[in-house]
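See below for the structure under consideration.
Throughout, read-outs are computed from the coordinates displayed, never taken from laboratory work. Here the structure is a predicted model, which is why all the values come from computation and not from measurement. Neighbour counts run over all protein chains shown; Cβ positions are idealised from the backbone, glycine included.
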Amino acid sequence: MPDFRKILLVRTDRIGDVVLTTPAATMLKERFPDAEIHFLTRAYTAPLVELHADVDHVLIYQPEGRHRGFKGHLQLANRLKEYQYDAAFLFYPTFSLAWVLFQAAIPVRVGSGFRWYSSLFLNYKHYEHRKTGQRHELEYNLQLINRIVKIPHAAITFRFKIPEILHDWWQTYRIHHNLPSEYAVVHPGSGGSAPNLTLAQYQQVIHAILSETQLAVLLTGSPDELEVLQSIKNNFADKPVFIIGVDFTLPQLMIIISQAQLFVSTSTGPLHIAAAFNVPVVGFYCPAPPCSPRRWGPYGQEQWTVTPEVTPCRYCKVEQCPHGNCLSHIPPHLIQEIIIQRWQHAKLKNR
């Protein structure tokens, strides 16, 4: 059994992917309590990882900036070599990062065995296709850890720690802007990585929340989505529906989500943040195996998802969907029913 003292986790894609990788840090910290756990990620997901209790240090990967091209990746490899890692786990395989780990002379380099470059740069290869969607993404991540370190099965935890200063900020902001303390977050953006509900369907979601839960609704999204958010809000001029968080930092968005009584979206990073904080979630998903709730659902709440009754594609290509937009085939009554059922279940659980 190896005795690791310094471990690098590498996950450089989107928010949801990173959230679902963080339990690996907890598992490794439990197995090696004296080890340092470092995490290499993108700049926009780094603030999220910095709030994780079991990550000791966060490094930023900038392939469009200082790590661009061969010289940039060599610079990154040389920096990683200075840390003298005992092991590195590559959760999102790319040629460049596999080469960096090899060039950094990290003794144990673990990643997918299905890439053409795997045998060149990785010395511990894991053979499991994620695109078949047979497991949840979080479980795929833990299987990669188990390739080299056999960790007994334990309860999955997301150990994000929101600092008190963020709690104080949200309390002050909420009171100053006359926002209610009990609210649902509806996140209409998807980043284009998965199918999305239509504007009419988001209006149905909000109508169901307002009529069945007595919660206010906070609409969140990126600055690029402000026009969409405003279009949705315009249909609820006299109702407690607010646009918020468009220009907030990721930690600020996290505190808003963590304090919600309900969270509704499609397959998005913020949905996984909500699930990590045990916020009751409703998610709407494409049925294609690589995108389905079985792989990408809110972990621990996969039963609170809806998929359209259409023939699943083998792979999901949003711009080439044979159904036009598969999520548009979810009827209004199913949207209403899942909101009602989720809210009733949440209230019973909190009694």
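Sum up the lysine pairs in the chain that clear both bars: alpha-carbon distance under 19 Å and a spacing of 8 or more or different chains.
On the way: Lys6/Lys29; Lys6/Lys81; Lys6/Lys150; Lys29/Lys150; Lys29/Lys161; Lys71/Lys81; Lys125/Lys150; Lys131/Lys317.
Qualifying lysine pairs in the chain: 8.
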(request) Would you mind computing, in nm to one decimal, how far apart the modelled labels at Phe248 and Asp56 are, each placed 7 Å from Cα along Cα→Cβ? (result) 3.3 nm
(request) Loop sites only, by DSSP: take the chymotrypsin sites (Phe, Trp or Tyr not before Pro) in the chain that have at most 10 other C-beta atoms within 10 Å and name the longest stretch containing none of them. (result) 128-351
(request) Sum up the charges of everything whose Cβ sits under 13 Å from the Cβ of Ala35, counting Lys and Arg as +1 and Asp and Glu as -1, but leave Ala35 out. (result) -3
(message) Rounded, prolate or oblate for the chain? Axes are the square roots of the Cα gyration tensor eigenvalues, ordered a ≥ b ≥ c, and the cut-off for rounded is a/c under 1.5.
(response) prolate
(message) Using Cβ contacts closer than 10 Å as the measure, can you line up Met254, Met27 from fewest to most?
(response) Met27, Met254
(request) Nearest 5 is fine: what % of DSSP beta bridges in the chain come out antiparallel, could you say? (result) 5 percent
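Which GluC sites (Glu not before Pro) does the stretch 46-93 hold that lie in a coil by DSSP with at most 11 other beta carbons within 10 Å? Numbers along the way, then the final one.
On the way: sites: Glu50, Glu64, Glu82; in loops: Glu64.
Answer in residue order: Glu64.
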(request) Find out how many positive minus negative residues lie around Arg294, taking Lys and Arg as positive, Asp and Glu as negative, among other residues whose Cβ is under 14 Å from that of Arg294. (result) +1
(request) Would you calculate, for the chain, the mean residue ellipticity at 222 nm contributed by helices, counting each DSSP H stretch of 4 or more residues as -39,500 (n - 2.57) and dividing by all residues, to the nearest 500? (result) -11000 deg cm²/dmol
